[in-house]
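Rule-based calculations on the coordinates, nothing more; no lab input. Please read these numbers as outputs of a predicted model, since none were measured by experiment. Neighbour counts run over all protein chains shown; Cβ positions are idealised from the backbone, glycine included.
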Amino acid sequence: MPLKHQGEYRDPQLSRRLIEAINRTSTRPVKLMEVCGTHTMSIFRHGIRDVLPETIHLLSGPGCPVCVTAQPEIDAFIAYARVEGTIVTTFGDLIRVPGTESSLQKEKAAGNDVRIVYSAFDALKIAQTNPDKRVVFLGVGFETTAPTIAASILAAREMAVPNFMVACAHKTVPAALEALMNSDQVRISGFLLPGHVSVILGRQAYQPFFDKYKVPSVVAGFEPADILEAVRRLVEQIEKGPPRLDNAYARAVSEEGNPKARAVMDTVFEPVDAVFRGIGMIPGSGLQIRPAFAAHDAAVQIPVSVPVSKEPAGCACGAILTGAKTPPECRLFRSACTPENPIGPCMVSSEGTCAAYFRFHQ
Amino acid sequence: MTSEFISLDHGSGGKIAHRLTAELFLPLFDNPILSDLHDGAVLKLNDSTRVAFSTDTFTVTPLFFPGGDIGELAVNGTINDVAMCGATPLFISLALIIEEGFPMADLTRILQSIQRAATQAGVQVVTGDTKVVPKGAADGLFINTSGIGLIPENVAIGSTGARPGDKIILSGTMADHGMTILTQREGLAFDSAIQSDSAPLNQMVAKILAASNKVHVLRDPTRGGVGTTLNEIAESSRAGIVLQESRLPVGDAVAGVCELLGFDPLYVANEGKLLAFVPAEDAAAVLEAIRSDAFGREACIIGDVTDEHPGQVVLETRIGGRRIVDMLTGEQLPRIC
């Protein structure tokens, strides 16, 4: 882990040099989008917007896994929790997300078995120790989390744990980037590409996207110096050209990524058209469990009826996820919608843009 | 109340827990002593005698964890709350709710730990109660302790006393207890060398009060962490707080685990740390007094009280940015990626 070196990348002197370089180079207003929710959090936590020149406008993109999960998917998760003899296991972030009628947290308080786990393998253990129950793991997230969840399905097959299932709502990043470029709501001058996802995908995964749109793109890490360096490179590309697909997180992201992890993912999942909250249907942007693993597919094994899914009235999460609006431009922000009583997922998730604005920015 | 059921967030020590107190408890029991909302109640028995009184209930999974156990925690937690009123803790009560089938050996071990902790802190267990409930009606063992202590003359410490110009001292690293419990809990396997900071702080408080008679606020940042406690102090004192990120002490292993799980150490529980607000002229003496205590070796000044942005806590980041440190809302939840 690079944690030992965390201090170096938070070094004030290094950051100051990068900020000075950005200030020297930047002359015209630009909109840079950080695609990853962890970037959004890091930018706020370290006060990075404060230290950048006014010409640079950072937009938060659709990179918070909980936030982009479509309302019918959330409603299905809640419906699983109500099925007799089922244990729903989930990453913590999802538990407070309001569905059309309820939330997992409400189901838990009402006595249904909803458990927070830290990995799909914890859910697999729960399935082993509760053979008389069906254990559903809620699979959300991008290419960062998908390989581990695929591995848990492989393990369930190998160890013959028939009561372990995954409700698969995974999304993929490159397809979403394309949708953002095709949107006419906002003109993005450059992308900070997600570091964690790129560890799996490698820099090469963005090549087809880059070749098509020629928009400055830099893979970025998560420490302040990582983000500032990526911004510096983006500004330099924009000001001096030509646009490039660059990697400013080479200590973790290689050209090829992690082929083993991708192979596991490809064994278990196949691409499917998916709905991103706020963007709508993006062809090939989701993952579904291949028919060969249908025994572990909750969607196949546990049919549930969900209400006609409705997104919360007045919630601007959709526009916020594409950078078309900022949270203060949503009429619910801070009044009806707070972390205590969140109306949309961007206020719930610790990586949501609204939660970040609420917590760090006043 | 907006919610129909109690959720774990109501017990998190953050905003949602505060709302429960303000909307449900205070209207029913309102009185000037309770409405102070300090760690303990300050009771004036007669012109010369003031007593600090506090109660706390302990539920922790697992019952035994690196750096302590529920017994030690139950003693230290209550005497620390009494000590934060500037009092010398003297007596505690001990009440147990035990689940049917609980191993006698574990109970013995926990009671021995309570005895050791009480002896170390110089308090006596003077009354108690034991209830046993059917299997499934409690999770192993719950403990309640209450404590009382005497407040010396001329000591006036409350939660509303922070003044612009005060220095804020934290007695050591943040987040050790909370992250230890989290990593020990079922389903999480980190091989990290972190342990709870559970410790009695009454002797440290005595040293602080000997070093300065101008201490404005003492608080132990337990549930909700340093961030939430500082927000409470800023709000009740109507003062602003500015923290320096570079001075916030976090152990390397704890920082690593927090980073992995997406937890902010500012909001993670401590069980053996205190925050002291003292005028600048006494800050060095108080800092030295804290550092002279076995549990305060890594104490440092983490920020200042200002007359700007009253009620708000602002953090100056290492790279020179500024951001709000808000009060925790509910429980911190681990992130997805």
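One table, with the values for the structure above:
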quantity	calculated
Cα-only Debye scattering, the protein assembly as shown: base-10 log of I(q)/I(0) at q = 0.11 Å⁻¹	-1.20
Span from the region A:162-212 Cα centroid across to the region B:229-269 one, whole angstrom	33
Largest-first principal axis extents, alpha carbons of region B:31-151, Å	50, 30, 24
Long-range amide H partners of A:Q288 with built H, under 5 Å	A:E270, A:V272
Peptide ranges A:145-156, B:294-305 listed from the most packed, as the mean C-beta count within 10 angstrom indicates	A:145-156, B:294-305
Extension gain from A:S254 to A:N341, taking 0.36 nm per residue of separation minus the Cα-Cα distance	27.2 nm
Label-to-label distance, nm, for residues given as B:N46 and A:R16 (7 Å Cα→Cβ offset)	6.3
For region A:98-113, 3J(HN,Hα) per residue [Karplus equation, 6.51 cos²θ - 1.76 cosθ + 1.60, θ = phi - 60°, Hz, x = Gly/Pro]	x, x, 5, 10, 8, 9, 4, 4, 5, 5, 5, 5, 7, x, 6, 8
Cα gyration tensor, chain B - rounded (a/c under 1.5), prolate or oblate	rounded
Long-range amide H partners of A:G141 with built H, under 5 Å	A:K171
Spacing of the two label points (7 Å from each Cα toward its C-beta) at A:A292 and B:T127, in nm	7.0
Reach of A:K325 by Cα under 29 Å, taken over lysines that are not fewer than 8 positions away in the same chain	A:K31, A:K171, A:K212, A:K214, A:K240, A:K310, B:K15
Within chain A, percent of DSSP bridges classed antiparallel, to nearest 5	25
Whole-Hz ³J(HN,Hα) from phi, Karplus 6.51 cos²θ - 1.76 cosθ + 1.60, for region B:201-207, glycine and proline x	10, 5, 5, 4, 5, 4, 5
Charge sum, other residues only, whose C-beta stays under 12 Å from A:A295's C-beta, Lys/Arg counted +1 and Asp/Glu -1	+2
Contour excess over end-to-end distance, with Cα ends at A:D50 and A:A313 and 0.36 nm allotted per residue	91.4 nm
Karplus-derived 3J(HN,Hα), 6.51/-1.76/1.60, for each residue of region B:57-62, Hz, glycine and proline x	10, 10, 10, 8, 10, x
